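One structure is given here, and the rest of the page talks about it.
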Amino acid sequence: MRPTFRTLTQALLGALVMAALVGCYHHDHDYSRGPVSSYYVNAIAVADLDANGFPDILGLVSLETDGVSQPSYVSTRLQSSAGSFQLPVRFGVGRGPANLLVADVNGDGRPDVAVACQGLPGDPGAVSVFLQSATTPGLLLPAVNYPGVSGPMGVAIADMDGDGHPDLILADGDIVVRFNNGAGTFGTPNFFYN
């Protein structure tokens, strides 16, 4: 059976993601921030952040020192041409990053990023929402952090109340929904106990 164009394209994209993540692991830490005893990419997403027709890679990078989670970051690697990635750009998140998702949350047609960070004991973590710059494609604005309840471990995005604006659905000790206020900002937590 001959491979199809689609199969070959999927294999190529998979190889590009792996190559970029290997580069992310080896070159993505800023050691001027201090010693890090553990450093790894624990989640990835692929989206065309800069709208140039090439998929870009986002890696959720966790940092630990002596087994204690440190403030971590999302690393973006924009693809400038087929298979050619720019150097990483880092966007800070909280401690214990667990999950990330890419979706347009403010309705401007540009993909935004949401990151669930579980925090530490005594620190309920947060969900960090990065809106994309309106003037610089692929650049994420500083995060708006929405405090966690028990430590967010997952994030999903969907229009839960039918108003045309995507909402945040969180795995945060239970199911928690933060409704979108209409411009990519989110209200207080609503609990749906299991």
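The values are calculated or read from the model by the stated rules, or taken from the named source; none is laboratory data. The shown structure was predicted, so the numbers you read here are calculated from the model rather than taken from an experiment. Neighbour counts run over all protein chains shown; Cβ positions are idealised from the backbone, glycine included. Areas reflect the complete protein model, heavy atoms only, side chains present, ligands, DNA and RNA absent. Shrake-Rupley method; radii C 1.70, N 1.55, O 1.52, S 1.80 Å.
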- Message: Please give the charge dipole size of region 64-188, origin at the Cα centre, charges +1 on K and R Cβ atoms and -1 on D and E Cβ atoms. Round to the nearest 20 debye.
- Response: 460 debye
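How far, in nm, would the chain grow between Asp161 and Asn190 when pulled straight, counting 0.36 nm per residue and subtracting the alpha carbon separation? Could you put the intermediate results ahead of the total?
Details: separation 29, 0.36 × 29 = 10.44 nm, distance 1.20 nm.
Gain on stretching Asp161 to Asn190: 9.2 nm.
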- Given the candidates Val93, Leu58, Val113, the one whose Cα lies deepest towards the positive end of the charge dipole of region 48-121, counting +1 at each Lys or Arg C-beta and -1 at each Asp or Glu C-beta, is Val93
- Quote the relative contact order of region 65-109 in percent (integer), defining contacts as alpha-carbon pairs under 8 Å separated by 6+ residues. 38 percent
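With a cut-off of at most 16 other beta carbons within 10 Å, and DSSP calling the residue loop, which chymotrypsin sites (Phe, Trp or Tyr not before Pro) in region 165-194 qualify? Please list them. Could the numbers behind the result be given before it?
Working: sites: Phe179, Phe186, Phe191, Phe192, Tyr193; in loops: Phe179, Tyr193.
Those that pass, being in a loop and sparsely packed, are Tyr193.
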- Task: Please tell me the relative contact order of region 118-160 in percent, rounded to the nearest whole number, where contacts are Cα pairs under 8 Å and at least six residues apart.
- Result: 43 percent
- Whenever you get a sec, compute what percent of the accessible area on region 54-194 sits on carbon and sulfur atoms (1.4 Å probe). 58 percent
- Note on the structure: Applying the gyration tensor rule to the Cα atoms of region 64-190 (axes a ≥ b ≥ c; rounded if a/c under 1.5, else prolate if a/b exceeds b/c, else oblate), the class is oblate
